[in-house]
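A.B. asks: Input: one structure, supplied below.
The numbers here are math on the coordinates, done by the rules we state, and not lab data. Not measured: the values here are computed from a predicted model. We place every Cβ from the backbone using ideal geometry, glycine too, and count neighbours over all the protein chains shown.
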Protein chains: 2
Amino acid sequence: MSRGPSARRPAPAGNHHGIPDATVARLPVYLRVLYGMADRGVTTVSSEELAAAAGVNSAKLRKDLSHLGSYGTRGVGYDVEYLVYQVSRELGLTQDWPVLIVGAGNLGRALANYGGFASRGFRIAALLDCDPGVVGTVIARHTVRSADEIEEAVRKFDVAIGVIATPAAAAQNVCNRLVAAGVRSILNFAPVVLNVPSDVDVRKVDLSIELQILAFHAQRRTAAARLFDLPPGGDLARGIAARGLPASPAAASPNGRSGRGARAAAESRAVAGSGSEDDYTTGAQAVGT
Amino acid sequence: MSRGPSARRPAPAGNHHGIPDATVARLPVYLRVLYGMADRGVTTVSSEELAAAAGVNSAKLRKDLSHLGSYGTRGVGYDVEYLVYQVSRELGLTQDWPVLIVGAGNLGRALANYGGFASRGFRIAALLDCDPGVVGTVIARHTVRSADEIEEAVRKFDVAIGVIATPAAAAQNVCNRLVAAGVRSILNFAPVVLNVPSDVDVRKVDLSIELQILAFHAQRRTAAARLFDLPPGGDLARGIAARGLPASPAAASPNGRSGRGARAAAESRAVAGSGSEDDYTTGAQAVGT
DNA sequence: ACGCCCTTGTGAACGTTTGCACAAAGTCGC
DNA sequence: GCGACTTTGTGCAAACGTTCACAAGGGCGT
Ligand SMILES: NC(=O)c1ccc[n+]([C@@H]2O[C@H](COP(=O)([O-])OP(=O)(O)OC[C@H]3O[C@@H](n4cnc5c(N)ncnc54)[C@H](O)[C@@H]3O)[C@@H](O)[C@H]2O)c1
Ligand SMILES: NC(=O)c1ccc[n+]([C@@H]2O[C@H](COP(=O)([O-])OP(=O)(O)OC[C@H]3O[C@@H](n4cnc5c(N)ncnc54)[C@H](O)[C@@H]3O)[C@@H](O)[C@H]2O)c1
């Protein structure tokens, strides 16, 4: 697995297995919307309505659902309850998934306390940490166990999904142990590229990356706003690209005036070494997801 | 914005703006790896090495970097420090980004306490909550303010990025107020599809969706393992698709024996109404990201 | 000064995803 | 029972993303 390109069935015509990744990623959204509708007493929904609620194009929604089978009724729409069942089944949510959380720090605790965790069949099997001061404490009804017990916990609770919420420096090691213990699905919160065998499926959640993507677009927006302050063909990027770090650090945020005001450029951070205790890296694993 | 399809420049030949979204999403990973290398004293890196460390194909890495300009040296590779600077600049990280966090619960607190937050120029401007019991308390050196002050805080701190860490039921409302106050970049942790004007950029982080995607692949894996227990052309999905909920609830996990043992199917959850206090939905916004 | 060798940058092929548009299929009113 | 109307399911083309493979370019040894 490891959601890289590599393995994926070419999806032969009579496609019953081989649901596109893009579709799989949207099914949980549809499911959440469907649950909401069921709660409000809606019994039937058209692709148009469902698509609007999920924020997608209705054709895309129909194509997505068509991968699961023909569960709609032409002229009417989809039966909400029935569709909930079908989507749940396809996603494997009709069974329970014991989840092991490694790292009971800020994030691990938040996850353990999170109610929505259990709502789709994910059950916290155990919570591990290596800090003797934390081991033994109780978090959300779970007594934190020692990180030495990874293998034991995986076996004992038949853990299928491991969550890594340790500092980046420990993540690869924890990952290796989870994999060695038989875990094949890992959700990684540490900002590291994990190195895993190809049959292991890793997904990452990286807050910092999300913020950086937002920053990119935000910058793009304000850059567009000052579009007319610059020479028409002007290319400020290549202008300073004559190699050797830019003459003036301030070159990065030229002609100040912009919507949000060009704040003091934090050059030292951008130019040289690390920024946090967290930086770290090794190995290879698909980066896109 | 709202990273949906809609707006994106066709990227005319002389492409200097219009970096593909897929590339933008990977730049932060490259950046992190580069920082790590800089810390270890590496001064030069080839696309092959950098790609391996980031877990991507080297051709993809080169193409990604080529969108920023020609910053490599043939026969040699890339200068680490220089590349760090260029990627940072492209992402808009050479300026500071004041971030406003709304919702100081489990997650909001974890975010506020998170050190790596500040490492790329993201600075927590303020932390808001609506619970009188929480307002006034101090979290990570920030005194929690009242959620009534959204507009004021946005103005006062020149907030560009808003983080929503409230329960799902409050998210759309908070979002509306952030947008009205001028925030154009939002990171949403609540499991809701936010409805925003097209010039607002929303990214979501949804733990539950990630787990569900993992569960899908995990199920697929174990299904493959029992491949030979079923009739060759057998299609258990359509078998019960003759409408009307499946005769026997257990139909979802037929012939038990599978790698991980078919656990008690949580039918009640899968079939009918909601599962958590969180389910909720409205509006439209791109679902893929 | 020259040529070898290494690595970048990119053209072109391929696979995946999206969205349009419409025929097929079913419902509902009469 | 039938015809009009609604909505699904899908063929197709365009957009987007990934990967291969190699020519162009630059450093370095001689
Ligand atoms: N807190 C956030 O908002 C946030 C946001 C994004 C990413 N992250 C990432 O998530 C991870 C956890 O963040 P956090 O804020 O909870 O950090 P934290 O320092 O609060 O907690 C980390 C916990 O892991 C434990 N630990 C360390 N090594 C371990 C090991 N080998 N085995 C088991 N446990 C071990 C520590 O004892 C500590 O309790 C970090 O990698 C961080 O970069 C956190
Ligand atoms: N904790 C997790 O691990 C986790 C994981 C995934 C998703 N989420 C989602 O993140 C969100 C926050 O999760 P949490 O665990 O921190 O919840 P929480 O209940 O611990 O905290 C929510 C906080 O938001 C505050 N709040 C409520 N309405 C508000 C409003 N209108 N304005 C400002 N503040 C308001 C509450 O007072 C509370 O302090 C939820 O939507 C949850 O579904 C949480």
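A.B. asks: Taking the Cβ of A:Leu211 as the centre, find all other residues whose Cβ is under 10 Å away and add up their charges (Lys, Arg: +1; Asp, Glu: -1). Don't skip to the end; give the middle numbers.
C.D. replies: Details: positive: B:Arg120, B:Arg203; negative: A:Asp206, A:Glu210.
Its environment carries a net charge of 0.
A.B. asks: Please enumerate, by chain and number, the lysines with C-alpha under 30 Å from the C-alpha of B:Lys63, excluding those fewer than 8 residues away in the same chain.
C.D. replies: Filter leaves A:Lys60, A:Lys204, B:Lys204.
A.B. asks: I would also like to ask the following. Can you put A:Leu31, A:Leu68, B:Leu187 in order, fewest other beta carbons within 10 Å first? Spell out each step's value before the answer.
C.D. replies: Working: A:Leu31 25, A:Leu68 19, B:Leu187 22.
Fewest-to-most ranking of A:Leu31, A:Leu68, B:Leu187: A:Leu68, B:Leu187, A:Leu31.
A.B. asks: If you don't mind, another one. Which residues' amide hydrogens lie under 5 Å from the amide hydrogen of B:Val163, considering only partners 5 or more residues apart or on another chain, with H built in the peptide plane?
C.D. replies: Residues meeting the criterion, in which the H sits 1.01 Å from N, are B:Leu100, B:Ile101, B:Val102, B:Leu187.
A.B. asks: Also, quick follow-up: Just which residue of chain B brings its Cβ nearest the axis of rotation onto chain A, and by how many angstrom, rounded whole?
C.D. replies: B:Ala110, 2
A.B. asks: Would you tell me the mean number of C-beta atoms belonging to other protein chains that fall within 10 Å of each C-beta in A:163-175, as a whole number?
C.D. replies: The per-residue average across the peptide is 1.
A.B. asks: Using only Cα atoms, locate the centre of the stretch B:139-192 and the centre of the stretch A:130-161, then give the distance between them in Å, rounded to an integer.
C.D. replies: First find each Cα centre; the distance between them is then 35 Å.
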